[in-house]
1. Dipole of the range 289-363 (Lys/Arg Cβ +1, Asp/Glu Cβ -1, origin at the Cα centre): which of Leu340, Gly363, Pro291 lies farthest to the positive side?
2. Within 10 Å, count the other beta carbons around each residue, average over each peptide in 419-428, 290-299, and list them highest first.
3. Classify the chain as rounded, prolate or oblate, taking a ≥ b ≥ c as the square roots of the eigenvalues of its Cα gyration tensor: rounded when a/c is under 1.5, otherwise prolate if a/b is larger than b/c and oblate if not.
4. How much FRET efficiency would the formula 1/(1 + (r/R0)^6) give for Leu417 and Glu8, where r is the Cβ-Cβ distance and R0 is 51 Å, rounded to 0.05?
5. Would you mind putting 379-386, 16-23 in packing order, based on average other-beta-carbon counts within 10 Å, highest first?
6. Between 0 and 90 degrees, rounded to the nearest ten: what's the tilt of helix 309-322 against the longest Cα principal axis of the chain?
7. Return the sequence-ordered ³J(HN,Hα) values of the range 103-117 in whole Hz as given by the Karplus equation 6.51 cos²θ - 1.76 cosθ + 1.60 applied to θ = phi - 60°, using x for Gly and Pro.
8. If you place +1 on the Cβ of every Lys and Arg, -1 on the Cβ of every Asp and Glu, and leave all else neutral, what size is the dipole of the chain about its Cα centre, to the nearest 20 Debye?
Amino acid sequence: MIGGEMPEHAEQRAPVGGELYRHLLGRLPTGTRVLVAGPHHTGLLDTLADGRTVTCLVRSQPDAEALADRGFTVLCGTLAKITDTDRYDVVVALDGTSRLCSPEGPQLDWAEAVRVLKRALRPGGTLLLTVENELGVHRLVDPGTVTALTSAATAAEWRPLGEFGTAPGRPDRLAAALGAEGLPVSGLAAAWPSQAEPSLLVTPETLRYGPLDALAALASGAVATAYQGKAVLSDPRRLASAAVRRGLGAELAPAWLAVAQLAGRPTPVVPVPPVSYLRGGTVVAGTGSLPAGRLLEELLLTAALGHDLPALRRLLTGWTAALPAATADNVLVEDDRYTLLDESRPEQPDALARFASTLTLGGYAHPWPAITDVARLTEVLAGAAGLEAAPPAPEPAAAPGSRRDHEQQLTDLRRRLADAEARGSFFETELEKRDAELGRAKVQIAAFSGSFAYRAAKAGLGIARKARHRLHKGQQ
């Protein structure tokens, strides 16, 4: 107990973890002393403990006791109680700095927390720090994002957010801030889809120069898994893909991972590859394994939104001919070539029906707005692809339910309904006018048909016709 410990507190958010973090920490040199600051998954701690001496810093006393029972050395208390009497070769703070202080001690902002972590490093030591992007895609699409400290804020949000905090808001500013503190950055990566458990790490240089299409597909797939079945303000897959393709992948990433050195070294202790991602649970590093092309699902949605039927038929035909059992979000298209993005994904015989479900339940406009049933739309898509039979309809899609797309769809339907009501009201008014005119004409006809003048004129007309008939016969 170092002071500022929280005897009854349990962290509400899960600790950070995941295979990419484990892969990164497993590359630390053996024989080093490591301080792990903040809540980290026990799998990460076990990886670090293999050949290294690990000390954990947590503010929650129940968590500290659980870690001590597993054999770890634990400092239970607030970050402000850390002194420079005991220093470490590596300080790991992948959870950031937001859960290192407690209400039983000073509330350190981001810059102050970094200075304390720096004091815990030996000369030449390494800091692994993750910083959440408070304007990242994960916050832009999440309807439950806390944007200010209110009475409804959770206990984990004991700090200013957004413009009120001191945490850097861009990756270049993060590197500059750490460099200003005497911690030059040797590696920097954007983390997708979350700080807690990333499945994609990409350096800003790679996000700037590409391959952008493949990276956009990876970012889209990462957030698709994270937001599966969740309600969102807008589809995070489209937003993540557009951010990467438009050169804002690093700025809109949910978090950034920085590897900084207390003193310059000839080579970094933990090199950060240009890109690392998960494929079938295995970490893949480097851009050489990324296929070229753009995500098929994006191309199909673009054609559907533009009502481009020839493009839809071409894409559907090529897809069902080349990779009929691969879902549209796992196929890259380059010219007329269709390749798999992740070969480890299982085959889906109902891949076409899954795309129909995305069109229907995702709120996307398409050339057949009258069709709202997934099974019927699957049949139409199968016909456009030249298939004799449509695949079975899948279970209800677990894709993110975009409120913004659904709201746009409702707005469009309301506009069409208002237009139809206006047209119906116009025709009803015109019909009433015509009925009134017809009624007046009938009254006039009836009035004239019963008068003496009308009968006399009718008799005279009959006599004239007979006379004309006789004259005509006489001339013959």
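1. Gly363
2. The most tightly packed comes first, giving 290-299, 419-428.
3. prolate
4. 0.35
5. The peptides rank, most packed first, as 16-23, 379-386.
6. Tilt of helix 309-322: around 50 degrees.
7. x, 8, x, x, 9, 7, 7, 4, 5, 5, 5, 4, 5, 5, 5
8. Details: 50 positive and 53 negative charges, 638 e Å.
About 3060 debye.
The values are calculated or read from the model by the stated rules, or taken from the named source; none is laboratory data. Since this is a predicted model, take the numbers as computed values, not measurements. Because the Cβ atoms are built from the backbone with ideal geometry, glycine has one as well, and the counts that use them run over all protein chains shown. Each accessible area value is taken on the protein alone, full model and side chains, heavy atoms only, with ligands, DNA and RNA left out. Shrake-Rupley method; radii C 1.70, N 1.55, O 1.52, S 1.80 Å.
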